[in-house]
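Asker: Structure in C-alpha cells, see below.
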Amino acid sequence: MTQGTDSIDEFVQELTRHQVDLFYFIRALAGDPHAAYDIRQAVNMVLWKKREKYRPGSSFKNWSFQIAQLEVKSYLRKQRRSRVIAFDNKLLDLFATEFEEFSNELPERRRALANCLRKVTPKDEELLRHRYWTGGSLESLATATERSVGTLKARLHQLRASLRRCIEGQLQPENP
C-alpha cells in the first residue's frame, strides 16, 4: 500500500511537531540524555518504516510514545547484558504511563521555566547553564569562579527550589 503525498506530508508534520516531547519521554525513561538522542533516532526510523500503520486523526504522540517505550526497553535490555544496571520493565512501564499523563503539561511548564529563568541573576544563570546546558562539572566552574564546589552545590539546590516554586506559582490558576 502506498501513501499519497498529502498523507506523507501530514505524517512528517506530526513527526516533526512531536520531536521535543518524544525526546523528553525517552530521556525520562532511559535516564541518559546522550542515549536519548540515539534512541530517538532509532524511534524515528521505526516510525518512518511503520508510517503506513499510522491512522491520520489518531494521536500521533501516543503512537510514537508506545514505539519509543519499546525502543527504550530494547536499549535497556542491551545495557543489562553489558552489565549496566537498568530499570526493570514494570518500573519502566509505570514511568511511561506517568510521563504520558504529565507530557500534556510540558509546553506550559517550559514557558513557565523560561519566565522564571528571566528572573535569575547573571551569576546564577551562568551556574545553571554550566551545570545543565553544557554538562560541565562543578569542579571546573568552582575553579573558574574561585568558589567551592560545596557553595555551588548549595546554590544549585536553592535555585532548583526557587525555580520549582516559581513554576508552580505560574501554573496555578489565578484566584478570582
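Asker: Between the helical axis of 5-17 and the dominant principal axis of the chain, each derived from Cα atoms, what acute angle in degrees is found, rounded to the nearest 10?
Answerer: 20 degrees
Asker: The chain: longest stretch without exposed GluC sites (Glu not before Pro) (DSSP loop, at most 15 other Cβ within 10 Å), sites themselves excluded?
Answerer: 1-104
Asker: Continuing with this model, one more query. May I ask for the angle, rounded to the nearest 10°, between helix 19-30 and the longest principal axis of the chain, with both axes built from Cα atoms and the value confined to 0 to 90°?
Answerer: It works out to around 70 degrees.
Asker: Relative to the longest principal Cα axis of the chain, at what angle does helix 149-171 sit, 0 to 90 degrees, rounded to 10?
Answerer: Compared with the principal axis, the helix lies near 60 degrees.
Asker: I've got another one for you. Per the helix-only calculation at 222 nm, which mean residue ellipticity applies to the chain, given -39500 (n - 2.57) for every DSSP H run of n ≥ 4 and division by its residues, nearest 500 deg cm²/dmol?
Answerer: Values: 9 runs with 129 residues, N = 176.
Here the helix-only value at 222 nm equals -24000 deg cm²/dmol.
Asker: Sorting W63, W133 on the 10 Å Cβ count, fewest up front, what's the list?
Answerer: Fewest-to-most Cβ neighbours within 10 Å comes out as W133, W63.
Asker: Test of the criteria: in segment 102-176, which trypsin sites (Lys or Arg not before Pro) are in a DSSP loop and have at most 11 other Cβ atoms within 10 angstrom of their Cβ? Walk me through the numbers on the way to the answer.
Answerer: Numbers: sites: R109, R110, R111, R118, K119, K123, R129, R131, R147, K153, R155, R160, R164, R165; in loops: R118, K119, R147.
Answer in residue order: R118, K119.
Asker: Of N115, Q13, V46, which is farthest along the charge dipole of the chain in the positive direction, counting Lys and Arg as +1 and Asp and Glu as -1 at C-beta?
Answerer: The Cα lying farthest towards the positive end belongs to V46.
Asker: Another question about this same structure. Could you tell me whether segment 106-171 comes out rounded, prolate or oblate from its Cα gyration tensor? Rule is a ≥ b ≥ c as square roots of the eigenvalues, rounded for a/c under 1.5, then prolate if a/b exceeds b/c, otherwise oblate.
Answerer: prolate
Asker: Of (i) -1.10, -1.26; (ii) -1.00, -1.44; (iii) -1.00, -1.30, which one was derived for log10 I(q)/I(0) by the Debye sum over Cα atoms at q = 0.16, 0.20 Å⁻¹ from the structure shown?
Answerer: The listed entry that was calculated here is (i).
Asker: Counting other C-beta atoms within 10 Å, which of I39, I26, I8, I67 has the fewest, and how do the rest follow?
Answerer: Neighbour counts put them in this order, fewest first: I8, I67, I39, I26.
Laboratory data are not the source of any read-out in this text; all were calculated from the coordinates shown. Just so you know, these numbers come straight off a predicted model, no measurement behind them. With ideal geometry, Cβ positions are generated from the backbone for all residues, glycine too; neighbour counts draw on all protein chains shown.
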